[in-house]
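As structure tokens, the structure follows; a few thoughts come after it.
Only the coordinates and a few stated rules stand behind these numbers; no lab work does. Fair warning: this is a prediction, and the values are worked out from it, not measured in the lab. For neighbour counting, all protein chains shown are included, and Cβ atoms are generated from backbone atoms with ideal geometry for every residue, glycine included.
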Amino acid sequence: MAGIRGILLMLSIFVMVAAGVLSYDRPPPRKDFFIPRLKYLSSTSPEQVHISLVGPDKMRISWITKSDATAIVEYGTSPGESKFSATGATTSYSYVLYTSGKIHHVVIGPLKPNTIYYYRCSYDYTHEFSFKTPPPLFPIKFAIAGDVGQTGWTNSTLQHIAQSNYDIMLLPGDVSYADTVQPLWDSFGRLIEPLASQRPWMSTEGNHEIETIRFIHSTPFTAYNARWRMPFEESGSTSNLYYSFEVVGVHVVMLGSYTDFDPNSDQYKWLRGDLAKVDRQRTPWVVVNIHAPWYNSNTAHQGETESVDMKKYMEGLLYQARVDVVFAGHVHAYERFSRVYNGTEDKCGAVHITVGDGGNREGLAKDYIDPKPEISVFREASFGHGEFEVVNATHALFTWHRNQDDEAVVSDSVWLKSLSSDPACKV
């Protein structure tokens, strides 16, 4: 198995170099985990189970079986109970010489808030999973980690997230780092299943999800769209690459850095309409996730169109809507900015936070621009994750938890006041 991991890593690095992903010098990589399929599982046993929110009271259960199996979820509020059931759709995809297992997506509900549900997939009674629905009222806690991958650093990050008692996980892109080596998608699914089967994981795409190979595989996001189906239709979006959802008093927007975003694009028009419909009485907080950061004082990933042009086109929409926080990935380090708009500090602008340090194989982006810009409040090249706890309609606490040396350390924290509660920033 060690030989297989080495071959997969070499192939993925070769493809990344050929595609121009390695755009700057990184510290030495750390090896991927490769988690094989458990031998005792039958061909219809569910694996790589993860869940995601669908509307205010529904959950999508996603899993994979090796061979054909029924896309059904049986669930209830007590262990072993199956008072309810729902069926869904099954799909699969091919990528060069790889063919995926059977990918099942089933939406269940309506569900009660703040309730533990027990569920089984594909009539498999040997494996029972459980999840807890989000609370009906404040407080609510989000865990955030971008550029996750599947290394020793990733494992440490996931352990710390598991201890955080979070309600919802936000992933601002670059999830598995499969980088065209499709078995790594399966490995990643197995790695995160203990967490992702218990709490909803809401993702947007990054550059490592594109996975096109010139003249061989021209369709982007094949694996990502098949495996990570998000609730885009429910928010009026036409693409799985951008969407929004609401939970408790928070409107969360997941934008796509690697699909069209100019003013003539579907995404721009959708975002303008989505933000216009936000009711700040019902959802006093608005949070946006992107992959490529719009503000960045690290030397890595400077001048990329996904950052520069997307900011040029879309920052005005976010500012007019008084978006509170923008989380980003891509840069493999942590950085927090002050409230900012158009490059300068603005008390009615969003706080931009880069958390692209989940644990990927490429290492940390250690070099920062000197001198530090005044709008950059805190920056550090370490692996870790963020936690955004919305306490009530007016205040939230953000903390960044460094896991350097495999120890969780709260290295940065800030209390934020919602812009909807600031009379000077009323829309």
Report the one residue of 291, 249, 161 whose Cα lies farthest in the direction of the positive end of the charge dipole of region 140-425 (charges on C-beta: Lys and Arg +1, Asp and Glu -1; origin at the Cα centre). 249
Only helices counted: for the chain, with every DSSP H run of 4 or more residues adding -39500 (n - 2.57) and the sum spread over all residues, [θ] at 222 nm is -5500 deg cm²/dmol
Assuming R0 = 56 Å, what is the FRET efficiency of residue 44 and residue 426, from their Cβ-Cβ distance, to the nearest 0.05? 0.50
Backbone N within region 35-78 under 19 Å of label point (7 Å from residue 112 Cα along the Cβ vector): 56-59, 74-78
Cross-link partners of residue 39 among lysines (Cα-Cα below 20 Å; sequence separation of 8 or more within a chain): 66, 102
Once Lys and Arg get +1 and Asp and Glu get -1 on their Cβ, which of 278, 213, 363 lies farthest toward the positive end of the dipole of the chain? 278
Order of 427, 414 - criterion: other Cβ atoms within 10 Å of each residue's Cβ, fewest first: 427, 414
Pairs beyond 25 Å (Cα-Cα), from 31/372; 112/269; 269/311: 31/372; 112/269
What helices does the chain hold that run 24 Å or longer along their axis, going by alpha-carbon atoms, with a Kyte-Doolittle average of -1.0 or more, using DSSP H for the helix calls? 2-19
Isolated cysteines for the chain, Cβ-Cβ cutoff 4.7 Å, are 121
Can you give the charge dipole size of region 274-340 about its Cα centre, rounded to the nearest 20 debye, using +1 on the beta carbon of Lys and Arg and -1 on the beta carbon of Asp and Glu? 320 debye
Rounded to whole Hz, the Karplus (6.51, -1.76, 1.60) HN-Hα couplings of region 342-350, x for glycine and proline: 6, x, 10, 5, 8, 5, 9, x, 7
From the square roots a ≥ b ≥ c of the eigenvalues of the alpha-carbon gyration tensor of region 140-425, which class results: rounded (a/c under 1.5), prolate (a/b over b/c), or oblate? rounded
Highest to lowest packing among 152-160, 169-177, 418-426, scored as the average C-beta count within 10 Å: 169-177, 152-160, 418-426
Where both residues lie in the chain, what percent of DSSP beta bridges are antiparallel, nearest 5? 80 percent
Alpha-carbon centroid distance for the pair region 169-221 / region 43-109, whole angstrom: 17 Å
Assigned charges on the beta-carbon of Lys, Arg, Asp, Glu; region 40-188 dipole about Cα centre (debye): 360 debye
Under 5 Å from the placed amide H of residue 286, counting only residues 5+ away or on other chains, we find 251, 324, 325
Note the full-extension length gain between residue 84 and residue 409 as 0.36 nm times their separation in residues minus their Cα-Cα distance, in nm to one decimal. 112.8 nm
Percent of Cα pairs exceeding the 19 Å cut-off, where the set is region 47-132: 35 percent
In terms of the Cα gyration tensor, with a ≥ b ≥ c the square roots of its eigenvalues, is region 36-183 rounded because a/c is under 1.5, prolate because a/b exceeds b/c, or oblate? oblate
Using a Gaussian network model on the chain with a 10 Å cutoff between Cα atoms, which of 358, 149, 303 fluctuates the most? 303
Can you tell which of 235, 218, 187 shows the greatest fluctuation in a Gaussian network model of the chain with Cα springs below 10 Å? 218
By counting other Cβ atoms within 10 Å of each Cβ, how are 105, 251 ranked from fewest to most? 105, 251
Determine the dipole magnitude for the chain: charges of +1 sit on the beta-carbon of Lys and Arg, -1 on that of Asp and Glu, nothing else is charged, the reference point is the Cα centre, and the result goes in debye to the nearest 20. 680 debye
Cut-off is 10 Å between beta-carbons; in what order do 311, 372, 83 appear when sorted fewest neighbours first? 83, 372, 311
